[in-house]
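Q: One structure, as structure tokens, below. Some questions next.
The values are calculated or read from the model by the stated rules, or taken from the named source; none is laboratory data. Since this is a predicted model, take the numbers as computed values, not measurements. Cβ coordinates were reconstructed from backbone atoms using ideal geometry, including for glycine residues, and neighbour counts include every protein chain displayed.
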Amino acid sequence: MNLLVYGLIALLVFYLDVITKSWAVANDTIVCAVNYGISWGICSQGLSSGIFFGVISFCIVLFCAYLARLRLKQNKTIYPETFIIAGALANIFSRILYHGGVIDFIDIYPLLHVQFPLFNVADVSVVFGVFLLTLRELLYEKD
């Protein structure tokens, strides 16, 4: 697969995340929160935890880039790594822009009437990438 396709996917995810977070912050009718921790605000201790999780996210990006490089050398696809890297980079950018926090604003309660923590496009990308990675490892990668 052409690297351009993976790059375009990553740029699209990154762009959608940045635009939707900016829209949520600017829109007074949208419920949004600044999350300095990890999923669902776990370990949220303000700026210091935001910086710590930004560094952890960067390490995940480096590890996924390493895995992607190995797979590309074997002429294999890297869709899961692409989604994980794109989402992690978007949240790193958000932590820089919002002083250590990420903006969470997607609320599924109005749609499904289920209480669930707020999340964002980058979170969806990371979860989707992990889902694809799990499927690939369980179903397709038999060595």
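Q: Just the residues that are modelled with pLDDT of 90 or more, part of a helix (DSSP H, G or I) and within 20 Å of residue 29 (Cα to Cα), please, taken from region 82-114.
A: Those that are modelled with pLDDT of 90 or more, part of a helix (DSSP H, G or I) and within 20 Å of residue 29 (Cα to Cα): none in region 82-114.
Q: Regarding residue 54, is this residue at pLDDT below 95, in a helix (DSSP H, G or I), touching a helix residue (DSSP H, G or I) at 6+ places or on another chain (Cβ under 6 Å) and over 30 Å from residue 5 (Cβ atoms)?
A: Numbers: at pLDDT below 95: yes; in a helix (DSSP H, G or I): yes; touching a helix residue (DSSP H, G or I) at 6+ places or on another chain (Cβ under 6 Å): yes; over 30 Å from residue 5 (Cβ atoms): no.
In short, no.
Q: Please indicate, with yes or no, whether at least one residue in region 24-47 is modelled with pLDDT of 90 or more, assigned to a helix (DSSP H, G or I) and surrounded by 18 or more Cβ atoms within 10 Å (Cβ to Cβ).
A: yes
Q: For region 107-143, give me the residue count where each residue is more than 13 Å from residue 79 (Cα to Cα), surrounded by fewer than 19 Cβ atoms within 10 Å (Cβ to Cβ) and touching a residue at least 12 places away in the same chain (Cβ under 8 Å).
A: Residues flagged as more than 13 Å from residue 79 (Cα to Cα), surrounded by fewer than 19 Cβ atoms within 10 Å (Cβ to Cβ) and touching a residue at least 12 places away in the same chain (Cβ under 8 Å) within region 107-143 amount to 3.
Q: Within region 127-142, identify whether any single residue is modelled with pLDDT of 90 or more, small (Gly, Ala, Ser), closer than 30 Å to residue 27 by Cα and in contact with a helix residue (DSSP H, G or I) (Cβ under 8 Å, 6 or more places away or on another chain), and answer yes or no.
A: Yes: region 127-142 contains one or more residues that are modelled with pLDDT of 90 or more, small (Gly, Ala, Ser), closer than 30 Å to residue 27 by Cα and in contact with a helix residue (DSSP H, G or I) (Cβ under 8 Å, 6 or more places away or on another chain).
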